[in-house]
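*Asks:* Submitted below is the structure of interest, expressed as structure tokens.
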Amino acid sequence: ATVVLRGGERVRMDELKIGDYVLSIHPTTHKPVYSKVYLWAHRDPHITATFIHITHPHGHLHISANHLILTGDNNTPVPAHQLTVGDTIHFLSQQNNYNQMEKKKEREDSHSLISVHVLHIHTCTQVGYYTPFTNNGLIVVDNIATSVYCHFSTHSQSETSSWLCHTLTRGLVEQFGMHRVGQCVLTPVRVGCKLGMGSVLSRQMDTHSHIHKYCQWLQGTFRTVKN
């Protein structure tokens with residue numbers, strides 16, 4: 001999977017660094033913008049994982065089964081494993097009508113968001129699993145608009161979450177959706193990074209699972225969906 005940096009360079013996920021600005025879309029206007037990567041939620045270059053391979057008229061997207069993709073006219077985030085052939089997803093196309101200076105800057109308005117239909121879906125395995133978090137909670141992966149968050153089941157209480165915490169989070173997700181809740185519960189981490197604690201927070205990675213410890217706690221609260 002690849003992303004586009006501010007400046008126009010396209011890089012693989014494993015080449016992405018905290019502090020990079022990546023192509024994203026605005027949460028309300030849905031126009032192309034760049035958003036800063038402030039944290040790795042999951043970064044494991046050695047794990048072999050199952051992904052969803054989505055084919056559309058302009059190319060392909062590899063994404064984890066639970067990852068949220070923006071779909072439909074209202075850009076509703078849905079898990080990749082719920083997509084079916086014919087569903088609408090959103091592709092960032094690059095316009096070619098700007099001069100060399102503008103091309104060097106890779107302006108946000110050099111891209112446009114268009115709706116495309118899913119043509120084919122199948123599962124595949126790949127080595128490496130990467131989940132960067134951006135300030136606005138959105139990121140364009142393989143030219144497709146996605147959320148940085150994954151879908152979690154709220155119908156089963158995990159062993160690490162209290163009944164009250166589980167009930168509260170389930171109610172919030174049902175009311176506002178997983179993407180909005182994810183953006184809300186990551187606010188303390190974003191604020192900490194903006195206050196200069198980014199280097200400390202980025203080191204809070206579990207050495208066994210390669211998942212950030214705060215995200216592990218969230219997984220215990222929400223309980224991730226199993227394929």
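The values are calculated or read from the model by the stated rules, or taken from the named source; none is laboratory data. As the structure is a prediction and not an experimental result, all values here were calculated from the model. Here the Cβ positions follow ideal geometry from the backbone for every residue, glycine too, while neighbour counts run over all protein chains shown. All accessible areas refer to the heavy atoms of the entire protein, side chains included, with ligands and DNA or RNA removed. Shrake-Rupley method; radii C 1.70, N 1.55, O 1.52, S 1.80 Å.
*Asks:* Which net charge results for the neighbourhood of H56, defined as the other residues with beta-carbon distances under 15 angstrom from its beta-carbon, given Lys and Arg at +1 and Asp and Glu at -1? Could you put the intermediate results ahead of the total?
*Replies:* Details: positive: none; negative: D87, D142.
Summing Lys and Arg as +1 and Asp and Glu as -1 gives -2.
*Asks:* If you don't mind, there's one more thing I want to ask. Quick check on packing: order 61-72, 29-40, 203-214 by the mean number of other C-beta atoms within 10 Å, highest mean leading.
*Replies:* For the peptides 61-72, 29-40, 203-214, the packing ranking is 61-72, 29-40, 203-214.
*Asks:* How high is the FRET efficiency between D14 and H60 when r is their beta carbon distance and R₀ equals 25 Å, given to the nearest 0.05? The partial results should precede the final answer.
*Replies:* Working: r = 18 Å, r/R0 = 0.72.
Calculated transfer efficiency: 0.85.
*Asks:* Which length gain, in nm to one decimal place, applies between V191 and T88 when the Cα-Cα distance is subtracted from 0.36 nm times their residue separation?
*Replies:* Gain in length upon complete extension: 33.7 nm.
*Asks:* Roughly how much of H26 is accessible, in Å² to the nearest 10, using a 1.4 Å probe?
*Replies:* 70
*Asks:* Another question, then. If each residue of separation counts as 0.36 nm, what is the full-extension length gain between I114 and T48 once their alpha-carbon separation is subtracted?
*Replies:* 20.5 nm
*Asks:* Let me ask you something else. Of the listed peptides 44-52, 127-135, what is their order by residue-averaged count of other C-beta atoms within 10 Å, with the highest listed first?
*Replies:* Packing proxy ranking, top to bottom: 127-135, 44-52.
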